1. For the range 163-185, which positions are more than 18 Å from residue 104 (Cβ to Cβ), among the small types (Gly, Ala, Ser) and outside any strand (DSSP E or B)?
2. Has the range 12-29 got any residue that is touching a strand residue (DSSP E or B) at 6+ places or on another chain (Cβ under 6 Å) and either at pLDDT 50 or above or more than 22 Å from residue 202 (Cα to Cα) (or both)?
3. When you look at residue 124, is it more than 20 Å from residue 60 (Cα to Cα) and without any contact (Cβ under 8 Å) to a residue 24 or more places away in the chain, yes or no?
4. Using the structure shown, decide if residue 149 is under 19 Å from residue 59 (Cβ atoms) and surrounded by 15 or more Cβ atoms within 10 Å (Cβ to Cβ).
5. With respect to residue 101, determine if the residue is part of a helix (DSSP H, G or I), of a type outside the set (Val, Ile, Thr) and modelled with pLDDT of 80 or more.
6. Across the range 186-207, which residue is surrounded by the fewest Cβ atoms within 10 Å (Cβ to Cβ) among those that are in a helix (DSSP H, G or I) and more than 18 Å from the chain's Cα centre (by Cα)?
7. Can you tell me which residue is farthest from residue 103 (Cα to Cα) among those in the range 50-82 that are part of a loop (DSSP other than H, G, I, E, B) and within 15 Å of the chain's Cα centre (by Cα)?
8. Against the conditions (1) touching a strand residue (DSSP E or B) at 6+ places or on another chain (Cβ under 6 Å); (2) in contact (Cβ under 8 Å) with a residue 40 or more places away in the chain; (3) of a type outside the set (Val, Ile, Thr), where does residue 164 fall short? Just the number, please.
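The values are calculated or read from the model by the stated rules, or taken from the named source; none is laboratory data. As the structure is a computational prediction, the values presented were derived from the model and not from experiment. Counting neighbours? That spans all protein chains shown, and the Cβs are built from the backbone with ideal geometry, glycine included.
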Amino acid sequence: MNRRDFSLQVVVGAAGLAALSVPGPAPASARAPVEGTDYKKLETPLPEAKTGRVEVIEFFWYGCPHCYAFEPTIEPWIAKLPADVNFHRVPAVFNARWATHAQIYFTWETLGLVDTMHAKTFDRFHKQDKPINSEDDMLAFARESGLDTAKVKEAWEGFVVNTKMTQAGRLAEAYAIDGVPTIGIHGRYTTAPSLDGADCLGATDTLIAQMRKIA
């Protein structure tokens with residue numbers, strides 16, 4: 001979803017469709033990915049950290065029906081990533097509402113609850129049509145999920161989450177992210193289902209293989 005095209009009405013209307021129609025994993029592409037068609041090269045590469053691992057990021061937004069529809073495709077792919085790939089998610093922060101939604105993810109991350117709460121959060125937005133737009137909403141969700149609301153509140157309001165949100169904004173800017181879902185590869189490339197809907201992850205695999213030579 002492009003931030004310029006965002007509207008709450010579109011998200012709410014599309015959420016039910018996304019929940020009912022979720023694509024499965026796409027077949028492998030028969031051709032090599034093409035720059036400008038299947039992926040983009042960053043005009044200014046990010047500073048390289050010699051960690052020996054290829055850095056891969058999924059930029060997303062909990063309110064995005066396209067991100068929600070992408071989950072059943074990307075999750076099995078993540079599970080099969082080799083040890084030399086460092087995958088992590090970064091919520092995009094394009095406006096105040098998106099910032100609140102980013103705060104949700106970083107609260108789960110800070111508490112070590114991403115594995116148990118990430119999918120549930122997407123479902124709450126899109127299956128239950130109950131977006132989390134405030135701290136009260138977040139605490140209600142935590143309570144419904146059997147979590148310690150005091151710990152959730154402490155993390156939500158804490159320095160670590162605020163720092164992560166600032167870093168997320170800078171990283172999205174460095175990757176020139178203007179829509180989600182988007183995948184960033186090792187500070188050099190981006191790809192997205194909107195660019196290559198048939199095999200976005202196939203393009204990512206090819207770029208990961210290329211980046212192994214310099215990681």
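1. Quick first cut of the range 163-185, residues more than 18 Å from residue 104 (Cβ to Cβ) only: 170, 173-179, 182-185.
Now restrict to residues that are among the small types (Gly, Ala, Ser): 174, 176, 179, 184.
Across the range 163-185, the qualifying residues are 174, 176.
2. Applying the first criterion (touching a strand residue (DSSP E or B) at 6+ places or on another chain (Cβ under 6 Å)) to the range 12-29 yields none.
No, the range 12-29 has no match at all.
3. Details: more than 20 Å from residue 60 (Cα to Cα): no; without any contact (Cβ under 8 Å) to a residue 24 or more places away in the chain: yes.
The answer is no for residue 124.
4. Numbers: under 19 Å from residue 59 (Cβ atoms): no; surrounded by 15 or more Cβ atoms within 10 Å (Cβ to Cβ): yes.
Considered against the rule, which asks whether it is under 19 Å from residue 59 (Cβ atoms) and surrounded by 15 or more Cβ atoms within 10 Å (Cβ to Cβ), residue 149 comes out as no.
5. Values: part of a helix (DSSP H, G or I): yes; of a type outside the set (Val, Ile, Thr): yes; modelled with pLDDT of 80 or more: yes.
It is true that residue 101 is part of a helix (DSSP H, G or I), of a type outside the set (Val, Ile, Thr) and modelled with pLDDT of 80 or more.
6. So the first thing to find is which residues in the range 186-207 are in a helix (DSSP H, G or I), and the list is 200-207.
Then keep just the ones that are more than 18 Å from the chain's Cα centre (by Cα); that gives 206-207.
Working: 206: 19, 207: 23.
Among those residues, the one meeting the criterion is 206.
7. So the first thing to find is which residues in the range 50-82 are part of a loop (DSSP other than H, G, I, E, B), and the list is 50-53, 61-64, 80-82.
Still in the list and also within 15 Å of the chain's Cα centre (by Cα): 61-64.
Working: 61: 11, 62: 11, 63: 13, 64: 15 Å.
It comes out as 64.
8. Only one criterion is unmet by residue 164, namely (1).
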